[in-house]
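> This structure is in structure tokens; I'll ask about it shortly.
The values are calculated or read from the model by the stated rules, or taken from the named source; none is laboratory data. Here the structure is a predicted model, which means the values were calculated and not measured. So basically every Cβ, Gly included, is an ideal-geometry build from the backbone, and we count neighbours across all protein chains shown. These accessible areas exclude ligands, DNA and RNA; they are computed on the full protein's heavy atoms, side chains included. Shrake-Rupley method; radii C 1.70, N 1.55, O 1.52, S 1.80 Å.
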Amino acid sequence: MPQASSRLSPFFAPLNRWNKAARRNAALLAVGLTAAYAITCSRFFGLIFWMSDIGWYLRMARGDIHSIRQPFASRQLGPAVVRLFVWLLHWSVPQAFLLEGLLALLVTLAVVYALVMRSAAPRWMLLAVAVVPFWPQLYVGLVLPDLWYAGLLAIFLLLLARRNLLAAACMMFPLMLSRESTSLTLVCLLIACWRPLRWPGRLLAFGAGLAGTLLIGRLTLHNPGNMDSVPESIYLLAKAPWNLLRNILGIVPWSNVNGSLCRVPEWRYTLPFHVGLLHTVGMCGFSFDQPQETLAAALTTFGLLPLLAVFLWTRGRRAGVHHPANNVAKHNSPLIRFCLLYGGVSFVLAPMLGAWAPRLFGYSWPLSLIAVPLLFHGLSEAYGEALTSKRAAAGLVFLGLHLVVCGLGFKYLSWSLIGLTLMLYLVGFAMLRWWFGRPVRQAGKRLHSNPQQAASEA
């Protein structure tokens, strides 16, 4: 079988075959270029200090803690660090937020590229990770807790990669002080790493999360309630179906405590009981603007990397690469399992968490940016040596399609452009099948996409 052209082969060489100095230099260059890209292109998604909801965090950074409504009052660690910068450097609050955001961005990028460099992903994966619209979207919301949380989560992932599970468990405390959705992070950690954590690690993770929850509860004891003036438990339970109706089904919901979407609903129902101030629910009508934005964000926030994640995972499972008995899978088990579980669940739940779709799908970044490169372990041996020129070209076509989809993430996607993006996904899937070929499983042996080569070695 003809081998790949010498001009194409370097693009498909695994990143972990570079020497240590080359990996370090490439990672530093990637961090700098991606940070510049994120900062420069963030203006396409808005202005940093004109984003929705930032007023709550600016007030907390200025020391106004007890008048902040939920759920914003539960996200105190990021603004507290900004207050510390203001006190130490004698800067304004906006300047301190910019410093915190830049540091969090650099930490996140440094960890992402450090983990990518350890993987067997092809070298063009550096470009694929760098150009996703997620980075400028994350930076433009630096006043919000997302970028600060991403930095903490990156440190947590680095600890998982180094198998320092007790330190990773302790990270539940600062994460819980930064965003209340850390409950999902804690559950995913316990599920994905239940066996390697053992009971000391499990109890430590749960205790750290509980300590953060209790501290936040103490700090917000006298704060006013949520915006809808209903009990917090009811607010959290009703949030998912409310957003699901609006973001997926196109049904515009209404209630007597949240009539911002319309003044007079087309249909209403009076509850037989009161929940706080809530006594009537209804529907404003149908609008497919929000489902359109949600679908566009799902397709473009990470380009074609979610498709690649599903493809690599299913291909590895069928080929036996990620079987628990496999040494490669066992080495990366805690990190890969957590990134797949947390990232996958965050991606699926994104339409139920709020109305700002690109930001919400961004919560799933460990799936596309960490798990995808690591899932190449084993598969690089299965397909790399038998790479032909045509299959290498298919891989580069997939990269080109990924770049096009990422470019579409900077545009308003009409339904026709969404249809075009779906077509690009279908073509991308075809290119993946062509690039990887048909897997052949050899019990306990190496995997090959070339049956003749596999038979000859057998």
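> Taking the criterion of being among the hydrophobic types (A, V, I, L, M, F, W, C), at pLDDT 85 or above and either open to solvent by 30 Å² or more (accessible area, probe 1.4 Å) or in contact with a Ser or Thr (Cβ under 7 Å, 6 or more places away or on another chain) (or both), would at least one residue in the range 434-450 satisfy it?
yes
> Which pairs turn up if I take residues in the range 82-104 that are more than 18 Å from LEU138 (Cβ to Cβ) and assigned to a loop (DSSP other than H, G, I, E, B) and look for partners that are modelled with pLDDT of 95 or more and open to solvent by 20 Å² or more (accessible area, probe 1.4 Å) with beta carbon separation below 7 Å, at least 6 apart in sequence or on another chain?
Between residues of the range 82-104 that are more than 18 Å from LEU138 (Cβ to Cβ) and assigned to a loop (DSSP other than H, G, I, E, B) and residues that are modelled with pLDDT of 95 or more and open to solvent by 20 Å² or more (accessible area, probe 1.4 Å), the close pairs are TRP91/PHE85.
> Hey, another quick one. Going by the conditions given, is ALA36 more than 21 Å from the chain's Cα centre (by Cα), in a helix (DSSP H, G or I), small (Gly, Ala, Ser) and at negative phi?
No; evaluated as a whole, the condition is false for this residue.
> Kindly indicate whether ASN332 is modelled with pLDDT under 90, buried (at least 20 other Cβ atoms within 10 Å of the Cβ) and either under 17 Å from PHE134 (Cα atoms) or of a type outside the set (Lys, Arg) (or both).
So ASN332 fits the description; yes.
> So, one more: Quick one: what pairs do we get from the range 346-374, first residue closer than 18 Å to GLY250 by Cβ, second assigned to a helix (DSSP H, G or I) and among the β-branched types (Val, Ile, Thr), C-beta under 6 Å, 6+ apart or different chains?
If the second residue must be assigned to a helix (DSSP H, G or I) and among the β-branched types (Val, Ile, Thr), the pairs left are PRO351/THR294; ALA357/THR294.
> When you go through (1) within 15 Å of the chain's Cα centre (by Cα); (2) under 24 Å from LEU221 (Cα atoms); (3) free of Cβ contacts under 8 Å to residues at least 60 places away in the same chain one by one for TYR149, which number turns out not to apply?
(3)
> Looking at the range 53-71, which of its residues are out of contact with any strand residue (DSSP E or B) (no Cβ under 8 Å at 6 or more places or on another chain), open to solvent by less than 20 Å² (accessible area, probe 1.4 Å) and of a type outside the set (Phe, Trp, Tyr)? Let's see the steps before the verdict.
Residues of the range 53-71 out of contact with any strand residue (DSSP E or B) (no Cβ under 8 Å at 6 or more places or on another chain): 53-68.
Remaining after also requiring open to solvent by less than 20 Å² (accessible area, probe 1.4 Å): 54, 57, 60-61, 68.
ILE54, MET60, ALA61, ILE68 - these are the residues of the range 53-71 that are out of contact with any strand residue (DSSP E or B) (no Cβ under 8 Å at 6 or more places or on another chain), open to solvent by less than 20 Å² (accessible area, probe 1.4 Å) and of a type outside the set (Phe, Trp, Tyr).
> Mind counting the residues in the range 341-355 that are surrounded by fewer than 22 Cβ atoms within 10 Å (Cβ to Cβ) and part of a helix (DSSP H, G or I)?
So the count comes out to 7.
> Only one of MET172, MET176 is under 30 Å from TRP356 (Cα atoms), among the hydrophobic types (A, V, I, L, M, F, W, C), open to solvent by 10 Å² or more (accessible area, probe 1.4 Å) and within 23 Å of the chain's Cα centre (by Cα). Can you tell me which? Step through it out loud before you land on a result.
Values: MET172 fails: open to solvent by 10 Å² or more (accessible area, probe 1.4 Å).
None of the others qualify; the one that does is MET176.
> In the list HIS274, HIS279, which residue meets the criterion of being over 32 Å from the mean Cα position of the chain (by Cα), open to solvent by less than 100 Å² (accessible area, probe 1.4 Å), of a type outside the set (Asp, Glu) and modelled with pLDDT under 85?
HIS279
Yes/no per residue for (1) open to solvent by 30 Å² or more (accessible area, probe 1.4 Å); (2) at pLDDT 90 or above; (3) of a type in the set (Phe, Trp, Tyr):
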position	(1), (2), (3)
ARG7	yes, no, no
ASN16	yes, no, no
ASN19	yes, yes, no
ALA26	no, yes, no
ALA30	no, yes, no
MET51	no, no, no
ALA73	no, no, no
GLN76	no, yes, no
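> Take ALA120 and decide whether it is touching a Ser or Thr at 6+ places or on another chain (Cβ under 6 Å), surrounded by 18 or more Cβ atoms within 10 Å (Cβ to Cβ) and under 21 Å from PRO366 (Cα atoms).
Criteria met by ALA120.
> Could you count how many residues in the range 126-138 are surrounded by 24 or more Cβ atoms within 10 Å (Cβ to Cβ) and part of a helix (DSSP H, G or I)?
Qualifying residue count, the range 126-138: 6.
> Which of (1) without any contact (Cβ under 8 Å) to a residue 40 or more places away in the chain; (2) closer than 30 Å to SER287 by Cα; (3) open to solvent by less than 70 Å² (accessible area, probe 1.4 Å) does GLY225 not meet, given it meets every other one?
(1) is the only condition that GLY225 fails.
> So is VAL252 more than 25 Å from GLY343 (Cα to Cα), without any contact (Cβ under 8 Å) to a residue 40 or more places away in the chain and surrounded by 15 or more Cβ atoms within 10 Å (Cβ to Cβ) or not?
Against the criterion (more than 25 Å from GLY343 (Cα to Cα), without any contact (Cβ under 8 Å) to a residue 40 or more places away in the chain and surrounded by 15 or more Cβ atoms within 10 Å (Cβ to Cβ)), VAL252 qualifies.
> Can you pull out every residue in the range 60-81 that is assigned to a loop (DSSP other than H, G, I, E, B) and touching a residue at least 60 places away in the same chain (Cβ under 8 Å)?
The answer is ILE65, HIS66, SER67, ILE68, ARG69, PRO71, ARG75, GLN76.
> Would you check which residues across the range 211-221 are assigned to a helix (DSSP H, G or I) and either open to solvent by 50 Å² or more (accessible area, probe 1.4 Å) or in contact with a strand residue (DSSP E or B) (Cβ under 6 Å, 6 or more places away or on another chain) (or both) and list them?
If the condition is that a residue be assigned to a helix (DSSP H, G or I) and either open to solvent by 50 Å² or more (accessible area, probe 1.4 Å) or in contact with a strand residue (DSSP E or B) (Cβ under 6 Å, 6 or more places away or on another chain) (or both), then THR213, LEU214, LEU215, ARG218, LEU219 are the ones that fit.
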